[in-house]
Amino acid sequence: MYFRNLSLNFLDMLTDIMKKHNYSAGPCILPQEVFEQSAAAILDFNNSGLSILEISHRSKDFVGVMEEARALALELLGLTGKGYQALFLHGGASMEFLMVPYNLMKENGKAAYLDTGTWASGAIKEAKSFGETVVVASSKNENYNHIPREYTVPADADYFHCTSNNTIFGTQMKEFPNVDMPVVCDMSSDIFSRVLDFSKFDLIYAGAQKNMGPAGAALVVVKEEILGKTGRNIPSMLDYQKHIAAESMYNTPPVFPIYASLLTLRWLKAQGGIAAIEKINNAKAKLLYDEIDRNAYFRGSANAADRSNMNATFLLENEEHAPIFDQLWKQAGISGLAGHRSVGGYRASMYNALPLESVEVLVEVMKDFESKISGMNF
Ligand SMILES: Cc1ncc(COP(=O)(O)O)c(C=O)c1O
């Protein structure tokens, strides 16, 4: 054993941080206590004299992290004891675009996809390499500004895939179709943010880097009974059953993203779980959308009925005013508000950890902008 002293500069840095109002779409804001606990664990994990970054993933301490994270994910989703397994895998949500068809689309089978945005179409592209991929509906022609409602899912599809929240376009599915086949949902940008009957889904996946933790892991929650039916020879690293048998440690897992995800899930539980955070998320979204609708200098870019509570997309009525607005929000300590290049304008990502106060600051900036511009007009 030996002592390792922390440098004074390092401690000074930790005590004096000017936090921004972080509207980034992902990676994004996480709870402050998650940052602090993660930082502490990098220096000394569980008083072990070792950093979380240097312990074996097979050590008792890390196995405990993995077990708790898997169990807590199921608990928060209300899926404990219902035949589901939670996995933390490498490769982000994009890897699931191909793992899903590999594991669920039969040889010579068929899958049905709803195309609601860039990520949905990314999933469709991968599925096409595995077999017939039916796009039941798409809002692409309207630049994905709404969620299609009228469509039929072919009864002989091996599964139906949808994206619950379209991070880039700011739309969110409020209801899901009742179909007689496994339902797969990419919940990357709204998992753990609102109450749903999660047992209606047979496979849920999400990249960690929005409501769960830092980038580098994806959560997969899968009903075990839907697996092992394709007749395909699946490479081990892409086989959900192999990952389940290895308790999500088929190879070295991304230990730090999983640990930080566990801290975020613990934080969420301490807040009162999904039902409690949903109330705050609704309040934040209402505050911002009310201002977008009230303020004559802005307009929302997604259809009102399909607006996302996680990513609010909006435009200036007059693009020439952009330098003034941009200067105001930057001065107010706001970060990450620029819209995705395929929509333009602005995108306010209001994930679970973004405090209501940050939305209040943005709304104040929008009001300030209104008075400045209307003053200029007279
Ligand atoms: C809805 C959705 N699906 C998939 C992805 C891709 O995630 P990853 O970068 O983890 O592959 C994103 C990324 O933002 C997303 O928002």
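The values are calculated or read from the model by the stated rules, or taken from the named source; none is laboratory data. Computed from a prediction, not measured in an experiment: that's the story for all the values here. Don't worry about glycine lacking a Cβ; one is built from the backbone with ideal geometry, like all the others, and counts go over all protein chains shown. Heads up: the accessible areas ignore ligands, DNA and RNA and are worked out on the full protein's heavy atoms, side chains in. Shrake-Rupley method; radii C 1.70, N 1.55, O 1.52, S 1.80 Å.
Tabulated data
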| item | result |
| --- | --- |
| Odd one out for residue 252, checked against (1) touching a strand residue (DSSP E or B) at 6+ places or on another chain (Cβ under 8 Å); (2) β-branched (Val, Ile, Thr); (3) surrounded by fewer than 18 Cβ atoms within 10 Å (Cβ to Cβ) | (1) |
| Matching residues in segment 54-71 - criterion: being more than 24 Å from the chain's Cα centre (by Cα), in contact (Cβ under 8 Å) with a residue 12 or more places away in the chain and open to solvent by 70 Å² or more (accessible area, probe 1.4 Å) | 58 |
| Identity of the residue in segment 21-37, part of a helix (DSSP H, G or I) and open to solvent by 40 Å² or more (accessible area, probe 1.4 Å), that ends up nearest to the ligand (Cβ to nearest atom) | 35 |
| Residue 251 being within 21 Å of the chain's Cα centre (by Cα) and either within 16 Å of the ligand (Cβ to nearest atom) or farther than 24 Å from residue 157 by Cβ (or both) | no |
| Search result, residues across segment 119-148 that are open to solvent by 60 Å² or more (accessible area, probe 1.4 Å), out of contact with any helix residue (DSSP H, G or I) (no Cβ under 9 Å at 6 or more places or on another chain) and not acidic (Asp, Glu) | 141, 143 |
| Scan of segment 206-220 for residues that are within 11 Å of the ligand (Cβ to nearest atom), outside any loop (DSSP other than H, G, I, E, B) and in contact with a Leu (Cβ under 7 Å, 6 or more places away or on another chain), ordered by number | 206, 218 |
| Close pairs from segment 72-90: first among the acidic types (Asp, Glu), partner modelled with pLDDT of 95 or more and open to solvent by 40 Å² or more (accessible area, probe 1.4 Å), Cβ under 8 Å, at least 6 apart | 75/269 |
| Residue selected from segment 221-232 under the condition closer than 14 Å to residue 101 by Cβ and open to solvent by 40 Å² or more (accessible area, probe 1.4 Å), by the criterion nearest to the ligand (Cβ to nearest atom) | 232 |
| Hey, residue 240 over 30 Å from residue 292 (Cα atoms), away from the ligand (no atom under 16 Å from the Cβ) and of a type in the set (Ser, Thr, Tyr) or not | yes |
| Residue 314 vs. criteria touching a helix residue (DSSP H, G or I) at 6+ places or on another chain (Cβ under 9 Å) and assigned to a strand (DSSP E or B) | yes |
| Residue count, segment 104-118 (criterion: open to solvent by 10 Å² or more (accessible area, probe 1.4 Å) and of a type in the set (Val, Ile, Thr)) | 1 |
| In segment 193-205, residue farthest from the ligand (Cβ to nearest atom) [restricted to those that are open to solvent by 10 Å² or more (accessible area, probe 1.4 Å) and farther than 12 Å from residue 79 by Cβ] | 195 |
| Flag if residue 287 is open to solvent by 20 Å² or more (accessible area, probe 1.4 Å), in contact with a helix residue (DSSP H, G or I) (Cβ under 8 Å, 6 or more places away or on another chain), at pLDDT 95 or above and under 30 Å from residue 175 (Cβ atoms) | yes |
| Sole exception among (1) within 20 Å of the chain's Cα centre (by Cα); (2) in contact (Cβ under 8 Å) with a residue 12 or more places away in the chain for residue 279, by number | (2) |
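Okay, residues lined up against (1) over 18 Å from residue 29 (Cα atoms); (2) outside any loop (DSSP other than H, G, I, E, B); (3) open to solvent by less than 10 Å² (accessible area, probe 1.4 Å):
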| position | (1), (2), (3) |
| --- | --- |
| 276 | yes, yes, no |
| 324 | yes, yes, no |
| 348 | no, yes, yes |
| 351 | no, no, yes |
| 364 | yes, yes, no |
| 367 | yes, yes, no |
